[in-house]
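Asks: Can you read through this structure? Questions will come right after.
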Amino acid sequence: MSGQQIKPGKFLTLEGTEGVGKTTNRQFIQDWLEARNIPLLVTREPGGTPLAEEIRELLLQKRAEAVDATAELLLVFAARAQHVNTLIRPALAAGKWVLCDRFTDATYAYQGAGRGLPLNTIEQLENMVQGVLRPDLTLVLDIEVEAGLQRAGERADLDRFESEELAFFQRVRAGYHARAAAAPERYRLVDAGQNLTAVQDDIEAILEGLL
Ligand code: T5A
């Protein structure tokens, strides 16, 4: 089942480093698509189902014990397997569009570029968990790492990822750039350092192109 691609709906993902504005713009995209009567599931990773949300808590919680990078990777994909097979795939098969706040590109960026795990290991897990399922379009919101962290830091207590050092997020950002450059047909880079109106004008132009 996991190898099958039954996908009348479109699968859109939102990516970027910390505080780049994914949540803010996810709402904008949701409103834009719903105003055009597109049946839509909005979800996020890690998470999206009760079990996957519990795994999200495990991943984000700050803890005294150092978290092994491979353990982190496997938790991310355990959550994703549940999410893909019980929520995303059925929604796409029913003709809905799916808008997901982060997906496997985040794993390549955070666990791959950020933590330094081999990209081919991530690819193997991606194939195992998703079969041939890949997003149709990925918006990478891009901003200087420091500016994004400042936006995120203004809000709440920092989680385990947000507490990483600057160099980690610079590797993550470079990881996103590399993914986008390698497959320009699937990725759209949006300058998220602009004011919100300008960011959303850019996103709207991309969505119009998609329709
Ligand atoms: N993770 C995830 C992995 O390591 N591997 C994986 O495979 C996956 C899927 C949680 C963590 O999980 C890790 C990566 C993450 O560290 P998350 O909750 O999606 O993932 O990540 P966060 O980046 O922490 O999400 P946030 O909700 O903190 O940030 P957002 O959604 O990017 O930012 P948002 O929209 O809340 O905006 C932040 C602030 O900036 C303002 C907003 O109003 C808000 O106050 N803002 C702007 N201000 C000025 N101009 C603009 N253009 C603005 N846009 C937003």
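The values are calculated or read from the model by the stated rules, or taken from the named source; none is laboratory data. Predicted, not measured: the structure shown is a model, and the values here were computed from it. Note that we place each Cβ from the backbone using ideal geometry, even for glycine, and neighbour counts take in every protein chain shown.
Asks: Being among the basic types (Lys, Arg), within 14 Å of the ligand (Cβ to nearest atom) and out of contact with any strand residue (DSSP E or B) (no Cβ under 8 Å at 6 or more places or on another chain): is that true of Lys22 here?
Replies: No, not satisfied.
Asks: Does region 27-55 hold any residues that are crowded, with 20+ Cβ neighbours inside 10 Å, in a helix (DSSP H, G or I) and within 11 Å of the ligand (Cβ to nearest atom), and which are they?
Replies: Matches in region 27-55: Ala52, Ile55.
Asks: Quickly run through region 91-116 and pick out the residues that are outside any helix (DSSP H, G or I) and within 11 Å of the ligand (Cβ to nearest atom).
Replies: Cys100, Asp101, Arg102, Phe103, Arg115, listed by residue number.
Asks: Can you name the condition, by its number, that Glu18 falls short on among (1) at pLDDT 95 or above; (2) charged (D, E, K, R); (3) closer than 29 Å to Ala178 by Cα?
Replies: Every listed condition holds for Glu18 apart from (1).
Asks: Restricting the search to region 132-150, which residues are within 13 Å of the ligand (Cβ to nearest atom) and either of a type in the set (A, V, I, L, M) or over 22 Å from Thr197 (Cβ atoms) (or both)? Quick ask: steps written out before the conclusion?
Replies: Restricting attention to region 132-150, the residues satisfying the condition of being within 13 Å of the ligand (Cβ to nearest atom) are 135, 138-145, 147-150.
Residues satisfying the conditions are Pro135, Thr138, Leu139, Val140, Leu141, Ile143, Val145, Ala147, Leu149.
Asks: Six or more apart or on different chains, Cβ atoms under 7 Å: show the pairs whose first residue is in region 38-67 and at pLDDT 95 or above and whose second is of a type in the set (S, T, N, Q).
Replies: Leu40/Gln30; Val42/Gln30; Thr49/Gln82; Thr49/Thr86; Leu51/Gln82; Ala52/Gln82
Asks: Among the residues that make up region 130-145, is at least one of them surrounded by 15 or more Cβ atoms within 10 Å (Cβ to Cβ) and on the phi > 0 side of the Ramachandran plot?
Replies: Looking for residues that are surrounded by 15 or more Cβ atoms within 10 Å (Cβ to Cβ) and on the phi > 0 side of the Ramachandran plot, one finds at least one in region 130-145, hence yes.
Asks: So, one more: Working only within region 104-124, note down all residues that are surrounded by fewer than 20 Cβ atoms within 10 Å (Cβ to Cβ), touching a residue at least 40 places away in the same chain (Cβ under 8 Å), farther than 18 Å from Ser163 by Cβ and in contact with a helix residue (DSSP H, G or I) (Cβ under 7 Å, 6 or more places away or on another chain).
Replies: Scanning region 104-124 gives Leu117, Ile122.
Asks: Under 6 Å between Cβ atoms, which residue pairs at least 6 apart in sequence (or on different chains) link something in region 157-174 that is more than 12 Å from Glu146 (Cβ to Cβ) with a partner that is part of a loop (DSSP other than H, G, I, E, B) and more than 10 Å from the ligand (Cβ to nearest atom)?
Replies: What qualifies is Arg160/Lys62.
Asks: Residues being modelled with pLDDT of 95 or more and in contact with a strand residue (DSSP E or B) (Cβ under 7 Å, 6 or more places away or on another chain): count how many of those fall in region 180-211.
Replies: Looking only at that region, the number is 12.
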